[in-house]
Structures are given as C-alpha cells and as structure tokens.
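To keep things clear, I will list the structure first and then write my remarks on it.
Values in this text are rule-based calculations from the coordinates and carry no lab data. As the structure is a computational prediction, the values presented were derived from the model and not from experiment. As a convention, Cβ positions derive from the backbone with ideal geometry for all residues, glycine included, and neighbour counts pool all protein chains shown.
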Amino acid sequence: MKELHEKIVQDGKVLSEEVLKVDSFLNHQIDPPLMQAIGKEFAERFKEDGVTKVLTIESSGIAPSMMCGLLLEVPVIFARKRKSLTMSDHLYTAGVYSFTKKETNDISVSKDFLKKGDKVLLIDDFLANGQAVLGLLDIIEQAEAELVGVGIVIEKGFQPGGDLIRDKGIRVESLAIIESLQNGKVVLTENRDE
Ligand code: 5GP
C-alpha cells in the first residue's frame, strides 16, 4: 500500500534491528486520512467474506479497525489488556507474550460481544512474533466464532509471526512488510501486497 510505505520510510524510526517506532502516525499520534486509507484497503480485501465483527487489541489496533468496521458496517471489538472494574467473570481470556514489554499479560473480551456464528476479521498494528494474534485466535476459539482472516498494518517479515500464522492455513493480509531494519534503515518488501 503506497501511502503506508511512504509514511513508514519518511516517518518511521528504527530503534533497533528488531523494533520500528511509528508513533507519529499509528502508535501515539494518529494520522486519520492514513487510517481511513488503511481501513478501506482492509475492507476491500475482506468485503466478500461475510465479516460480522472486527476484533483487535487495545490500543494501537483500534484506529485502523474502526475505519475498516465503518466501511464493512460491522462492530469493532477491542480486547482489553487490563480487566476493567465493570467487567465481571463474563469474559474470554487469553495470555499474550508482549514483544515490546517482554512479559505475559492477559487479554480479555466480554462474552456479550463475541458469539458462536460470528465471522471475525482480526486486525492489528504490527505482526512480529505472532503472540498477539495467537491470543486473539484463542479468544475466537473460546467463543466458537469463525476466523475469516487477519489484517496487519505492518508485518516484520524477518520475524516468525507471519509464517507461524500462515502455516496454520490462516489468510494474512499485511499492508506493508518489512524485510529488514538493519543499519538503521527500513527495507520494505515491494509488490508482495500490491
Ligand atoms: P507479536 O505479538 O506479533 O510479537 O507483536 C505484536 C504486538 O507487539 C503489536 O500489537 C505491537 O503492539 C507490538 N510490536 C511488535 N513489534 C513492534 C515494533 O517493531 N514496533 C512497535 N511500535 N510495536 C511493535
């Protein structure tokens, strides 16, 4: 996706050989027109799949998911990283190992919003080691809902998550795939997604 590729190259900051900082348009400050274009692209790719819910994880997955849900005309659910005081035991819960924080945390979704028969599109900002996606998959299984596919804004192709998820026979659509972050430079895989 051209606009996203350009934004990553222009504004992405390589923090190390493994971590890209994109807090000027996705992870802290949010670029609405870019989110709209991202949501449109996901909606276009999954429009024939009968999606009934978009599921993501707070907080950075919410903006692109919201734009996609708007166009597909379906609700957007975000898994919470902390149990809210108003949330009871009426929850699906899964453990997720965080690549950035190096710790395992529970994520949860209320049983009110994800049901048997739902056709779920998973969306997340980054795909690195695949742990966030695996946690969300666990929740979809607990709900006996059906996974339609996974939409990722930025996949780090040199980390194992993409293969891990695709090897399960799951459709993964990544709008930008990073080949390497070596020598402080972002190298994107061209044309795989265009
Ligand atoms: P995974 O579970 O696939 O290892 O990592 C996915 C989650 O970790 C994403 O939701 C994102 O929050 C975070 N993450 C992984 N790699 C990066 C990165 O290079 N940059 C940023 N900003 N977040 C990342």
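Key figures for this structure:
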| item | result |
| --- | --- |
| Nearest-20 debye value, segment 96-189 charge dipole, Cβ charges on Lys, Arg, Asp, Glu | 140 |
| Cα long-axis angle, helix 2-11 against the chain (0 to 90 degrees, to the nearest 10) | 70 |
| Percentage relative contact order, the chain, counting C-alpha pairs under 8 Å, at least six apart | 20 |
| Extension reserve of the Lys101-Ser24 stretch, reckoned as 0.36 nm per residue once the Cα distance is removed | 25.7 nm |
| Share of pairwise Cα separations in segment 1-65, more than 16 Å, in percent | 53 |
| Segment 1-129, Rg to Rh (Cα coordinates; Rh as Kirkwood inverse mean 1/r) | 0.98 |
| Relative contact order (%) - segment 142-194, alpha-carbon pairs under 8 angstrom, separation at least six | 33 |
| Other-chain or far-sequence residues with amide H under 5 Å of Ser180's (modelled H) | Val187 |
| Residues with amide H under 5 Å from that of Ser174, placed H, sequence gap 5 or more | Ile152 |
| Order by protection proxy (mean Cβ within 10 Å, highest first), peptides 64-76, 38-50, 3-15 | 64-76, 38-50, 3-15 |
| Rel. contact order, % - alpha carbon contacts under 8 angstrom, at least six apart, segment 61-164 | 26 |
| Per-bin percent of Cα-Cα distances, segment 119-188 [10 Å] | 21, 52, 20, 6, 1 |
| Length released on extending from Leu71 to Lys116, taking residue separation times 0.36 nm less the Cα-Cα span | 13.9 nm |
| Hits among lysines - C-alpha to C-alpha of Lys40 under 19 Å, sequence gap 8 or more where chains match | Lys2, Lys7, Lys53, Lys119 |
